[in-house]
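Take a look at the structure set out below.
Derivation of every value follows stated rules applied to the coordinates shown; laboratory data play no part. It should be emphasised that the depicted structure is a prediction, and the values quoted were computed from it without experimental measurement. All Cβ positions, even for glycine, are placed from backbone atoms using ideal geometry, and neighbour counts span all protein chains on display.
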Amino acid sequence: MTKCIVLRGRGIVEGYCKAEALVSTKPISFLGDVDPENGKIVEKRHDLYGESVKDKALCFPHGHGSTVGSYILYSLARKGLAPKAIINHKADPVIVVGAVMANIPMVDKIEIGQIKNGDLVEVNANKGTVKILKLSGELKSRI
C-alpha cells in the first residue's frame with residue numbers, strides 16, 4: 001500500500017477538491033501572467049508558460065501585482081477556466097480576494113516544493129491540509 005504525504009497549512013478559503021497539481025517556483029499575477037480568455041500562463045519568462053490553470057490545483061509561492069488580478073481570477077471562474085484549488089506558501093491579499101470571490105478553495109503555509117507537477121492532490125481547505133494521493137515521477141524518493 002502506498003503511503004500518502006500529508007502537508008499541513010492554514011485554510012484560507014473553505015472548500016474541498018481533488019485535482020492534478022500544477023506547480024510553479026515563481027509568483028503569479030493574474031493580471032499579466034494569465035490570459036483571462038483561455039486561462040493559460042502567457043508570461044514568457046514564467047516556468048508555467050503555455051500551461052492552463054483550468055481544473056488544476058495551482059501551487060505557487062505567492063501572488064503579486066495589481067488588485068485587478070482578483071477580478072481576473074473571478075472572471076476565469078465564471079468562464080469555467082479557473083483552478084480547482086490554490087495552494088500557496090504565503091497568501092497574498094490579491095489572490096485571497098480573488099479566491100473568495102470565485103469560491104476557490106485556498107490553503108497557505110504549505111511547503112509547495114514537496115508537490116510536483118502531475119501529482120494528484122486532495123485539498124481540504126476546511127482543515128488546512130493537502131494530501132498527495134498519487135505521486136508523479138520518483139515515488140520512492142519522496143516517501
- Contour minus Cα-Cα span, K127 to K90, at 0.36 nm per residue, comes to 11.6 nm
- Message: Give me the extension gain from V100 to Y49: residue separation times 0.36 nm, minus the current Cα-Cα distance, reported in nm with one decimal.
- Response: 15.8 nm
- Matching label for the computed Cα extents along the principal axes in Å, out of [x] 61, 32, 29; [y] 55, 42, 26; [z] 44, 31, 24, is [z]
- Note on the structure: Computed, not fitted: 222 nm per-residue ellipticity of the chain from DSSP H runs ≥ 4 (each -39500 (n - 2.57)), nearest 500, equal to -4500 deg cm²/dmol
- Query: Roughly what % of DSSP beta bridges within the range 5-142 run antiparallel, to the nearest 5?
  - Reply: 65 percent
- Who wins for biggest fluctuation among H62, H46, H89 in a Gaussian network model of the chain, springs between alpha carbons below 10 Å? H46
- Task: Using a Gaussian network model of the chain whose springs link C-alpha atoms within less than 10 Å, name the residue from I86, I104, I112 with the highest mean-square fluctuation.
- Result: I112
- Estimated inter-spin distance, K109 and D35, nm [label 7 Å along Cα→Cβ]: 3.8 nm
- In a Gaussian network model over the chain where Cα atoms closer than 10 Å are linked, find which of K26, K40, K79 has the largest mean-square fluctuation. K79
- Query: Assigning unit charges at the beta carbon (Lys, Arg +1; Asp, Glu -1) and nothing else, what dipole magnitude in debye, to the nearest 20, does the chain show about its Cα centre?
  - Reply: 420 debye
- Query: Any idea how far apart L120 and H62 come out in nm if each label point goes 7 Å out from Cα toward Cβ?
  - Reply: 3.4 nm
- Task: Kindly provide the GluC sites (Glu not before Pro) of the range 6-97 that DSSP labels as loop, not H, G, I, E or B, and whose Cβ sees at most 12 other Cβ atoms within 10 Å.
- Result: E37
